[in-house]
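As C-alpha cells, the structure follows; a few thoughts come after it.
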Amino acid sequence: DDAVVTITTLGVTHTLTYEASYGVYYILNATLGVNPGQTYVLNASAPGFTAVSASTTVPATNSFNLQVNEVSTTPPSSSIGTPRMYKYDVNVNYFNNYYYRLAESFYHVDTMSGTNDTLIGNSFDTFYDESTANGGVISDQVDAFTDIYEEPYGYHYGFYFDLIVSGYDYFKFHQSISNYTGGDPFAEPSLIYTNMTNGYGIFAGYLKVTVKKHY
C-alpha cells in the first residue's frame, strides 16, 4: 500500500491512487483515457522492492469491417433440452502485426446491456493472425447456440460477436493461459507470458469491435 504507480503517455505522467478496500491502484478513464495508436508506459516502485515497468501500444483504428452473416439455423423446438443452433459466416479485414480474437455470447435483449471485455468464458474463443488471412481478409464459419430450451420464449434474444484486435503481448498472454490443460498428469508446464521488466505480469491494450444479431 506504499507503492508509487505511474502511467506515462504523450509525455505526461499520471500517478495512480491506492484503494485500500480493494487492494488496487487505479486511475479514472476521464483522467488518463485509452486511445487507439497511443503508447503507455507503466512504472511501479515500493520501498525494499525492485522497480518494475512495462509498455504497450494500443492498436490504431482501422477499417476492420467486421461482417457477420447468418447462413443457417435449426427450427424452433418444443422439446425441453434442445437448444437452437445458428451458423454464421464471419469476415474481417486483416492488418499486419495485429492479432485477432473472436468470441460470441448469448444475451436476452430485455435483461443484458453488455458483455465481458476480457471475453473469458464465452461460447467460442478463437485467435487469428497472418497465417489465417487470405487476400487481406480472415474468414471463418462459427456455430452459436441459444439457451432456449422451450418455445415460444418470453424474451427477445440474440448474440454479441466481439472482435478483439490486439498486439503481440495481449495475444501471447491469453495464448499461454489457453495452453493450460487441467487434470492431465502428462501435460507439459504452460509458462504464463509476461512483458514486465524486473517482474511478472501483463500490461496490454486492445480494440473491440462488436456486431449484434437480434431475434
Looking only at the stretch 12-23, count every residue that is part of a loop (DSSP other than H, G, I, E, B), on the phi < 0 side of the Ramachandran plot and exposed (fewer than 12 other Cβ atoms within 10 Å of the Cβ) and tell me the total. 3
Every residue from the stretch 49-68 that is small (Gly, Ala, Ser), within 22 Å of residue 193 (Cβ to Cβ) and assigned to a loop (DSSP other than H, G, I, E, B): 51
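Out of all the residues in the stretch 199-215, which are closer than 26 Å to residue 54 by Cα and of a type in the set (Lys, Arg)? I'd like the intermediate steps shown before the answer.
Residues of the stretch 199-215 closer than 26 Å to residue 54 by Cα: 199-209.
Within the stretch 199-215, 208 is the sole residue that qualifies.
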What number of residues within the stretch 175-208 satisfy the criterion of being in a helix (DSSP H, G or I) and within 20 Å of residue 96 (Cβ to Cβ)? 1
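Suppose the filter is loosely packed, with under 12 Cβ neighbours inside 10 Å, in contact with a strand residue (DSSP E or B) (Cβ under 7 Å, 6 or more places away or on another chain) and in a strand (DSSP E or B); does residue 6 pass it?
On the way: loosely packed, with under 12 Cβ neighbours inside 10 Å: no; in contact with a strand residue (DSSP E or B) (Cβ under 7 Å, 6 or more places away or on another chain): yes; in a strand (DSSP E or B): yes.
Taking the combined requirement at face value, the residue does not satisfy it.
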Among the residues in the stretch 36-48, are any open to solvent by 30 Å² or more (accessible area, probe 1.4 Å), in a loop (DSSP other than H, G, I, E, B) and under 25 Å from residue 199 (Cα atoms)? yes
Here is a check on your reading of the model: is residue 110 at pLDDT below 95 and surrounded by 11 or more Cβ atoms within 10 Å (Cβ to Cβ)? no
Filter the stretch 160-186 for residues that are of a type in the set (A, V, I, L, M, F, W, C) and modelled with pLDDT of 85 or more; which is most open to solvent (accessible area, probe 1.4 Å)? 173
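Counting just the residues of the stretch 24-35 that are part of a strand (DSSP E or B) and of a type outside the set (A, V, I, L, M, F, W, C), which one comes out nearest to the chain's Cα centre (by Cα)? Step through it out loud before you land on a result.
Taking the stretch 24-35 and keeping what is part of a strand (DSSP E or B), we get 24-26.
After this cut, where a residue has to be of a type outside the set (A, V, I, L, M, F, W, C) as well, the list is 25-26.
Working: 25: 22, 26: 20 Å.
So the residue we want is 26.
The values are calculated or read from the model by the stated rules, or taken from the named source; none is laboratory data. Just so it is clear, the model here is predicted, and its values are computed rather than measured. Don't worry about glycine lacking a Cβ; one is built from the backbone with ideal geometry, like all the others, and counts go over all protein chains shown. Surface accessibility is based on the protein's heavy atoms, side chains included, excluding ligands, DNA and RNA. Shrake-Rupley method; radii C 1.70, N 1.55, O 1.52, S 1.80 Å.
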